[in-house]
1. Could you tell me whether segment A:163-172 includes any residue that is closer than 25 Å to residue B:110 by Cβ, more than 14 Å from chain B (Cβ to nearest Cβ) and buried (at least 21 other Cβ atoms within 10 Å of the Cβ)?
2. Listed residues B:92, B:49, B:88; which is in contact with a helix residue (DSSP H, G or I) (Cβ under 8 Å, 6 or more places away or on another chain), within 13 Å of DNA strand C (Cβ to nearest atom) and part of a helix (DSSP H, G or I)?
3. Let me spell it out: the conditions are (1) farther than 22 Å from residue A:79 by Cβ; (2) more than 13 Å from every other protein chain (Cβ to nearest Cβ); (3) in contact (Cβ under 8 Å) with a residue 40 or more places away in the chain, and residue B:178 meets all of them except one. Which number is the exception?
4. Among what's in segment B:118-132 and is under 17 Å from residue B:198 (Cβ atoms), without any contact (Cβ under 8 Å) to a residue 40 or more places away in the chain and more than 14 Å from chain A (Cβ to nearest Cβ), pick the residue that is surrounded by the fewest Cβ atoms within 10 Å (Cβ to Cβ).
5. Take the conditions within 14 Å of chain A (Cβ to nearest Cβ) and either more than 28 Å from residue A:81 (Cβ to Cβ) or at pLDDT 95 or above (or both) and apply them to residue B:149. Does it pass?
6. Only one residue in B:85, B:101 is crowded, with 17+ Cβ neighbours inside 10 Å, away from DNA strand D (no atom under 16 Å from the Cβ) and within 9 Å of chain A (Cβ to nearest Cβ), so which one is that?
7. Which of the numbered conditions does residue B:80 fail, given that it passes all the others? Conditions: (1) within 14 Å of chain A (Cβ to nearest Cβ); (2) within 30 Å of residue B:210 (Cβ to Cβ); (3) surrounded by 18 or more Cβ atoms within 10 Å (Cβ to Cβ); (4) without any contact (Cβ under 8 Å) to a residue 40 or more places away in the chain.
8. Going through B:71, B:115 one at a time, which residue ends up being within 27 Å of residue B:202 (Cβ to Cβ) and either more than 10 Å from chain A (Cβ to nearest Cβ) or surrounded by fewer than 19 Cβ atoms within 10 Å (Cβ to Cβ) (or both)?
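The values are calculated or read from the model by the stated rules, or taken from the named source; none is laboratory data. Because the structure is predicted, anything quoted here is derived from the model rather than measured. We place every Cβ from the backbone using ideal geometry, glycine too, and count neighbours over all the protein chains shown.
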DNA sequence: ATAGTCGATTTGTATGACAAACCACCGGGC
DNA sequence: GCCCGGTGGTTTGTCATACAAATCGACTAT
């Protein structure tokens with residue numbers, strides 16, 4: 001069996017496959033899946049493994065199983081859109097401009113508010129964590145190092161709000177940043193362009209200035225979006241800002 | 001509205017039971033659950049049903065199963081805090097003042113932004129849906145009717161943003177409102193006190209005035225919180241495990 | 001003392017069986 | 001003709017059992 005990118009367990013493999021089919025639109029809301037025995041056979045697994053996958057997909061709100069009828073794909077309204085897997089599947093199946101805009105809107109709603117909240121309530125340890133992430137960004141030599149540190153920075157800010165509900169939205173920010181990274185063609189010389197923005201956010205949180213932090217974070221996001229549209233629209237043009 | 005936590009299949013009961021134990025703190029992060037055979041016996045179900053429950057709990061980030069070791073309760077950081085079930089379990093176990101504050105903060109972050117976005121992009125149909133919900137609130141005779149219409153109103157506003165990611169946060173708003181309703185001792189004479197606030201939001205969205213809608217929604221939430229604290233006697237009473 | 005091996009423990013997967021719920025069809029009564 | 005209820009086939013829900021795979025700890029050989 002292939003273990004390339006699917007190191008997950010067997011049921012995880014099945015869940016991924018079916019989840020992608022549904023989110024990707026191969027099967028549409030209202031459709032009923034083949035019966036379990038058939039599906040299991042076509043996926044080369046036992047009914048046990050398939051059922052565990054279906055249960056998890058059901059928990060994510062993608063399908064609903066009813067005895068005697070079958071597993072029906074639910075309307076998008078019921079999908080757990082903030083689930084990390086659902087978001088990932090959605091991005092995997094060609095992120096449309098439309099979806100990118102929605103991710104940006106989410107960032108605009110969440111992150112400035114989180115930065116303000118963090119500036120209000122951050123502890124010394126939480127501030128230190130943000131600072132560590134910022135230094136890692138500053139010292140990053142490769143794209144991977146930068147990406148990891150960037151994610152760490154935004155996670156640390158969410159954590160500093162002290163509100164675990166807000167922090168759970170990290171999966172959205174993670175998906176958004178990941179999508180930005182793959183869509184924008186950055187070069188080694190420009191991938192640090194947003195460092196000054198991050199510094200402003202860090203300093204505002206350090207000095208406990210909520211409104212300054214909010215605005216700094218907001219302008220970071222706006223700038224990030226502009227940069228993305230610029231590099232996508234002009235194609236060849238490498239952003240230098 | 002949603003049958004998430006109502007009567008369910010066998011595995012659903014098991015999931016509910018274990019989920020409440022974990023979220024309620026009966027078993028703490030780091031603990032390992034008894035082995036599946038033992039757990040299944042103590043819960044009077046087969047190992048199959050138990051395993052399906054464990055899989056879903058695993059998908060919610062509450063536990064992690066590793067072969068040869070057992071199922072370990074994960075740190076709260078990994079919990080899918082925005083999951084409807086997790087939120088429900090959390091409120092069922094003990095809505096501490098601390099948690100209520102976090103719910104309020106989430107509303108303050110999400111709903112004003114959603115109202116502004118809805119005022120910007122709502123379609124005629126989406127506006128009509130909000131209007132229907134508002135009229136239902138206006139005409140509500142009982143507490144149940146009011147509650148249902150209120151939820152419908154806030155859901156319609158989220159829907160009018162056109163951003164399904166924002167709409168998925170409805171589970172948070174639903175939990176917050178539900179908790180408010182149970183905590184605040186309302187009487188038949190005062191349960192409509194927030195109707196004018198809702199009307200202001202509705203009108204701002206109708207007239208496509210984002211900032212007016214944002215402020216109206218924000219003041220509604222602030223007022224709601226003040227009303228809650230008032231009716232609870234300003235005293236810190238609920239703080240038991 | 002350290003590395004490797006073996007065995008015990010626990011989860012992961014497969015298989016077969018039966019119960020329960022559901023749907024469509026059919027036949028009788030009005 | 002139309003409505004009603006039974007009836008059988010279909011599909012999921014649950015159970016029981018068996019074995020494979022992974023992990024951990026102790027024991028042994030060097």
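1. No; the residues of segment A:163-172 include none that is closer than 25 Å to residue B:110 by Cβ, more than 14 Å from chain B (Cβ to nearest Cβ) and buried (at least 21 other Cβ atoms within 10 Å of the Cβ).
2. B:49
3. (1)
4. Ranking the qualifying residues of segment B:118-132, first place goes to B:128.
5. no
6. Answer to the selection: B:85.
7. Only one criterion is unmet by residue B:80, namely (2).
8. Every option except B:115 fails the conditions.
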